[in-house]
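What follows is a short report on a single structure.
The values are calculated or read from the model by the stated rules, or taken from the named source; none is laboratory data. Computed from a predicted model, the values in this text were never measured in an experiment. Cβ sites come from the backbone with ideal geometry, for glycine too, and all protein chains shown count toward neighbours. Only protein heavy atoms, including side chains, enter the accessible area calculation; ligands, DNA and RNA are left aside. Shrake-Rupley method; radii C 1.70, N 1.55, O 1.52, S 1.80 Å.
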Amino acid sequence: MLHVLQFGVWLLKLPSRSPVWKRREQAGCSSCSPQPPEPRCARATRAGRASNFTREMECRVLSIQSHVVRGYVGNKSASFPLQVMGFEVDSINSVQFSNHTGYAHWKGQVLTADELHVLYEGIKLNNVNHYDYVLTGYTRDTSFLEMVVDIVQELKRANPNLVYVCDPVLGDHGSMYVPQYLYPVYKDKVVPVADIITPNQFEAELLTGKSISTEKDAVAVMDLLHNMGPDTVVITSSDLPSSLGDRFLVSLGSQRIVMPDGTISTQRIRIEVPKVDAVFVGTGDLFAAMLLAWTHHYPTDLKMACEKTFSVMHHVIQRTISYAHEMAGPGRRPSPSQLELRMVQSKADIEDPAIVMEATVL
C-alpha cells in the first residue's frame with residue numbers, strides 16, 4: 001500500500017511459472033499479444049499524438065475497490081487514469097461512501113461477499129466476464145476477499161494470460177490496518193494467485209516473515225515473494241536510508257523474466273523518492289493502477305515502467321499540494337477536501353509523464 005508521506009520501495013516478482021508477457025506470447029491473447037518489449041495491446045490514440053492509428057486497445061480491467069462520491073480513493077483513483085491510458089475499466093465498488101474516512105464525517109454502504117457474487121454472476125450470465133486484468137485494493141472482510149480469489153481463479157481459467165494486480169493492504173510501520181485474521185488469507189490465498197503486488201515494507205515483511213534492514217534483505221524478501229507466486233513485486237515504501245538524505249525514501253523493484261532459451265533474467269531497481277509533508281488518500285490506488293498500465297506497455301522493462309509510474313505520482317502529488325496550500329492560505333494546514341488528488345487536472349501527465357524519477361538498476 002502506498003501511504004501518506006511516501007511513495008515506497010519497489011519489489012517485482014519472481015515467478016515459478018512463465019512471466020506474463022511470455023505466457024501471452026505463447027497463448028496468443030486476442031487483445032494483448034505483442035512481441036516484447038512492445039505494449040501488450042495496441043494503444044488507443046492519445047490526444048495530440050498521431051491520429052492515424054488504425055486500431056484501438058481492447059484490454060479490459062475488472063477493478064474491485066472502494067468508491068466515494070466526493071474525492072479520489074479506490075476505483076475513483078484508478079478508473080479515470082486507466083481510461084486515460086486507453087483501458088476499458090469495469091468497476092465493482094466494494095464500498096460506496098460519501099467521502100473517504102479521513103473527513104470528520106462519512107456515510108455509506110459496504111458490499112458483502114454475497115452481493116459481490118451476485119454482481120459477478122450477472123456479468124457471467126451475459127457472457128461478458130472476459131478480462132485481461134483484475135485490480136484490487138483495500139478490504140476488511142475475509143469472505144469478501146475469498147470471493148475475490150474465487151473470481152480471479154475463474155477468470156484465469158477462462159484466460160490464462162490474465163494479470164492480477166493486488167495491493168495487499170495490511171498495515172504500515174508495525175500497525176495493522178485490517179483485522180489480524182485477514183493476514184493468512186492474503187498469504188495463503190491472495191498472493192499465490194497475484195501476478196503483480198505492491199506491498200510496503202511492513203506488508204512485505206509480514207507476508208514473508210523476514211525483516212528488512214538492508215538492501216540485501218529487501219532483495220531476499222522480493223525473492224521470497226516471487227516464490228510465493230507474483231511475477232512482479234513492488235515494495236512501495238521502506239525505512240532504508242537514502243543516499244540523497246532523510247528527505248527521500250527508497251523504493252526497490254524486482255522482475256523475473258523467462259528468456260526464450262529457458263533461463264531466468266532478473267531485473268532489480270532502486271529509486272529515490274522525495275517525501276512530501278502532507279497526508280494524501282488514494283495515492284496507493286493510483287500507484288497500483290499506473291503500475292498496471294506502465295508494466296503493460298513495458299512488460300520486460302521494469303526500470304522504464306517504474307520511472308513512468310513514479311513520475312506520474314510526482315506530478316499528481318505536486319499539483320495537488322500546490323493547489324491545497326493555495327486554497328488553505330499562508331500558515332494554514334490544508335484540509336482533507338483541499339488535499340483530494342488533482343486527478344482530472346493531471347490528465348496530460350498521466351498520459352505522457354515527463355520522467356523526473358530515474359531508477360538505478362542493481
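Some notes on this structure:
- Annotation: per residue accessible area for region 156-300 equals 35 Å², rounded to a whole number [probe 1.4 Å, protein chains only].
- Looking at region 181-243, none of the GluC sites (Glu not before Pro) sits in a DSSP loop with at most 13 other Cβ atoms within 10 Å of its own Cβ.
- Residue-level accessible surface for Thr360, protein heavy atoms, 1.4 Å, Å²: 80
- Surface composition of region 85-189: carbon plus sulfur atoms contribute 53% of the solvent-accessible area (1.4 Å probe, protein chains only, all chains present).
- Summing charges over all other residues whose Cβ lies under 11 Å from the Cβ of Ser213, with Lys and Arg as +1 and Asp and Glu as -1, gives -2.
- Subset of Lys76/Lys275; Lys156/Lys308; Lys187/Lys347; Lys76/Lys210; Lys76/Lys216 violating a 26 Å alpha-carbon distance limit: Lys156/Lys308; Lys187/Lys347; Lys76/Lys210; Lys76/Lys216
- When Rg and the Kirkwood radius Rh are both evaluated on Cα atoms of region 249-295, their ratio Rg/Rh stands at 1.13.
- Qualifying trypsin sites (Lys or Arg not before Pro) for region 176-211 [loop in DSSP, other Cβ within 10 Å: at most 15]: Lys210
- Among 272-284, 151-163, the peptide with the highest mean count of other Cβ atoms within 10 Å heads the list, and the full ranking is 272-284, 151-163.
- Two-site FRET efficiency, Val69 against His117, from Cβ-Cβ distance with R₀ of 30 Å, rounded to 0.05: 0.75
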